[in-house]
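Inspection log for the structure reproduced underneath, given as structure tokens.
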Amino acid sequence: MSRELGDGHRRFLQTLMAVGITDEQEARALYQHCCDTHTMQCIPDKLDDFIEAINSRLQPMFMQIRKGMSEENGRQYYALVNMAETDITRMTSDYADNELELFRKTLDLIVSSENGKASSTDILNSTDTMTSKKLKKSETEHLLTRLVQDNWLCERRGEYTLSTRCIIEMEPYIRTMYQEQVKVCHICHNIAFQCQICENPSCGIKIHNPCVARYFKGRVEPHCPACDDFWPHEIPGTNETSRYQNNVLYLLSPTRRSEVARESTSVLVGLCSCRK
């Protein structure tokens, strides 16, 4: 049953329609502004309920405000998505058939890669196998620029990844079309492209980089949450020297690790005594 919308809901929706996607902090500020402007009660922890009221009215129009995490910074984002189409054909009003084919090939490269990225070289080379009108190099480069500007892709140093907006909107399509290849984060259970993988052959779980940072924060010896093997990857946000020391400690026997810890404590106590 749809809920009654007020002017504050409509203003929120109109703003999101204009920008397409916004992070949680901006969404909360917009929620506050809409409530203040239209004299509505603003309950800080009820943003999702506020959005759900909007979604109840958007459902007949096959649209929805969805929430998802950025693989780049770990922040939550809200995006207005079109649910009328279940695949890339929702982009047909903005892109030609051969441009959509190249986007599909780029998606193939990103999903099948180990690091969730596709190089500009690989994308350019993929035009050789196009079944529709082949794109020239300059046309391909122009298309990639448009896809970045339209928030379907992100680019850094010649490598392309799926944008947060693309992942949020395309997730059902990606799960359906790439069932055998798609990776799912062990922590948040969303699809993962830029992630770390447990090196235990019998485990192999995947964890988003931001989820890795949160899960292992403050742990001296990070272990896989599934198989308990040592987690050898660099923890995002961890000091490199500290990480190296932790890895060295892991290679020592438990007894020697305890001895090193006691020796370190003694040194710190001595330093503090000298400062006095």
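The values are calculated or read from the model by the stated rules, or taken from the named source; none is laboratory data. Note that the coordinates shown come from a computational prediction; the quantities given were computed from them, not determined experimentally. Methodologically, a virtual Cβ is constructed for each residue, glycine included, from the backbone with ideal geometry; neighbour enumeration extends over all protein chains shown. When the accessible area is computed, the model is the full protein with side chains, heavy atoms only, and any ligands, DNA or RNA have been set aside. Shrake-Rupley method; radii C 1.70, N 1.55, O 1.52, S 1.80 Å.
Hey, does the range 38-53 have a residue that's open to solvent by 40 Å² or more (accessible area, probe 1.4 Å) and touching a Gly at 6+ places or on another chain (Cβ under 7 Å)?
yes
Counting only residues that are surrounded by fewer than 20 Cβ atoms within 10 Å (Cβ to Cβ), at pLDDT 90 or above and in contact with a Lys or Arg (Cβ under 7 Å, 6 or more places away or on another chain), how many does the range 132-183 have?
Residues that pass the stated criteria total 1.
Do you know which residues across the range 204-226 are modelled with pLDDT of 90 or more, over 17 Å from Arg75 (Cα atoms) and open to solvent by 40 Å² or more (accessible area, probe 1.4 Å)?
Correct list: Lys206, His223, Pro225, Ala226.
Return yes or no: is Lys117 in contact with a strand residue (DSSP E or B) (Cβ under 6 Å, 6 or more places away or on another chain) and assigned by the TED database to the domain that holds Gly158?
Against the criterion (in contact with a strand residue (DSSP E or B) (Cβ under 6 Å, 6 or more places away or on another chain) and assigned by the TED database to the domain that holds Gly158), Lys117 qualifies.
Based on this model, can you work out whether Ser93 counts as surrounded by fewer than 12 Cβ atoms within 10 Å (Cβ to Cβ), within 28 Å of Val19 (Cβ to Cβ) and free of Cβ contacts under 8 Å to residues at least 24 places away in the same chain?
yes
Any residue that is part of a strand (DSSP E or B) and open to solvent by less than 40 Å² (accessible area, probe 1.4 Å) - is there at least one of those in the range 66-76?
Yes, the range 66-76 contains a residue that is part of a strand (DSSP E or B) and open to solvent by less than 40 Å² (accessible area, probe 1.4 Å).
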